[in-house]
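Here's the structure we're looking at; comments come further down.
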Amino acid sequence: MHTLSEGEHIQLRVVHRTRFDYAAPVSLSHNELRMSPVDTGLQRVVSHSLDVSPSTRLGTHRDHFGNRVTHFDIIEPHDYLEIVAESVVETTNSISCGPESSPDPRPYSERWTEFLCWSPGVPPLQEYESVPLGHEINMAMDEIEFGHALYEMARYFYRTFRYDPEVTHVHSSPKELFEHGGGVCQDMTHAMTGVLRNAGIPARYVSGYIFDPAKGEIGQHIRGGGATHAWVQAWHEGYGWMGIDPTNDKLVDWQYVRTAIGRDYFDVQPLRGIYRGHPDQKLEVSVHVSIVE
């Protein structure tokens, strides 16, 4: 298979399965899903479906950040919940499409205030000062300098912190990444977002999927491809929002499918819900991303 040239498109199929098996029947289940890709300057949704079992009525809305949210309730007793999200998305081999927002006369510090402020998943930490590039990157850089600084910052995280799913959990602070010297994509994304915000760069958390090629397929090998993935988007007036993946030392390109953006993980959780019943449950999650031939 040929290598993609700059600006070339490719279609990726994503199948995301989530299943809960409960120790005893539960009821009054209320859930929100952020598993639906959206159209952006770099991706186009060709098809998308969400199947929930036990069967129930699904509603949708857009949240504050423009993410597509599916919500549903299951009132009858049930001993399992299974969600299958399947999408075909056309992605672009490019790292930026330029500013996506409408023309806005306000300075970026006013337009992107919420991505400059601290948030629950990205608190103020002294440890951000230990990242060398955090003292150099600034909004006065031109596009080339800015892109290079972002790439070098991602490389610093990639080389300094090991990928280790055993030392952190979903509610970990980025402080734990610095303390343990390792973590997963959520931790590295939170930490790099903190470094950028500390430097006065608008930065947001992105959730989605990545294509990890099998032997002989095009594309760079990716860590974290068996589940939802997270990366950073940083704002520059010339680039617009540019994606950078500190877990993989890589600028975001055609291998990535975006589902949701926010200040941090807690704005973009793929599944958020509550139920009434026995707390013991078994969770199984699988994500498979493939090229549509």
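The values are calculated or read from the model by the stated rules, or taken from the named source; none is laboratory data. It should be emphasised that the depicted structure is a prediction, and the values quoted were computed from it without experimental measurement. For neighbour counting, all protein chains shown are included, and Cβ atoms are generated from backbone atoms with ideal geometry for every residue, glycine included. The protein model used for the area step is the full one, side chains on, heavy atoms only, and it has no ligands, DNA or RNA in it. Shrake-Rupley method; radii C 1.70, N 1.55, O 1.52, S 1.80 Å.
Yes/no per residue for (1) surrounded by 12 or more Cβ atoms within 10 Å (Cβ to Cβ); (2) small (G, A, S); (3) at pLDDT 95 or above; (4) under 15 Å from S207 (Cα atoms):
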site: H2; (1), (2), (3), (4): no, no, no, no
site: E6; (1), (2), (3), (4): no, no, no, no
site: V46; (1), (2), (3), (4): yes, no, yes, no
site: G59; (1), (2), (3), (4): no, yes, yes, no
site: R62; (1), (2), (3), (4): no, no, yes, no
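Which one of H169, H148, H221 is within 30 Å of V69 (Cβ to Cβ) and surrounded by fewer than 23 Cβ atoms within 10 Å (Cβ to Cβ)? I'd like the intermediate steps shown before the answer.
On the way: H148 fails: within 30 Å of V69 (Cβ to Cβ); H221 fails: within 30 Å of V69 (Cβ to Cβ).
So the residue among H169, H148, H221 that is within 30 Å of V69 (Cβ to Cβ) and surrounded by fewer than 23 Cβ atoms within 10 Å (Cβ to Cβ) is H169.
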Being of a type in the set (S, T, N, Q) and in a loop (DSSP other than H, G, I, E, B), is that true of even one residue in the stretch 187-208? no
Pairing a residue in the stretch 190-201 that is modelled with pLDDT under 95 with any residue that is open to solvent by 10 Å² or more (accessible area, probe 1.4 Å), where Cβ atoms lie under 9 Å and the two sit 6 or more apart in sequence or on different chains, gives none
Quick one: would you say A154 is within 16 Å of the chain's Cα centre (by Cα) and either closer than 25 Å to W112 by Cα or outside any loop (DSSP other than H, G, I, E, B) (or both)? yes
Give the stretch 222-252 a look and list any residue that's in a loop (DSSP other than H, G, I, E, B), among the small types (G, A, S) and touching a Phe, Trp or Tyr at 6+ places or on another chain (Cβ under 8 Å), or say none. G224, G225, G238
Within the stretch 8-27, track down each residue that is polar (S, T, N, Q) and either closer than 25 Å to L283 by Cβ or surrounded by 18 or more Cβ atoms within 10 Å (Cβ to Cβ) (or both). T18, S27
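Okay, residues lined up against (1) over 29 Å from L12 (Cα atoms); (2) touching a helix residue (DSSP H, G or I) at 6+ places or on another chain (Cβ under 7 Å):
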| position | (1), (2) |
| --- | --- |
| E127 | yes, yes |
| E145 | yes, no |
| Y158 | no, no |
| L177 | yes, yes |
| C185 | no, no |
| T189 | no, no |
| A203 | no, yes |
| V206 | no, no |
Conditions (1) assigned to a loop (DSSP other than H, G, I, E, B); (2) touching a residue at least 40 places away in the same chain (Cβ under 8 Å); number of the one not met by P105: (2)
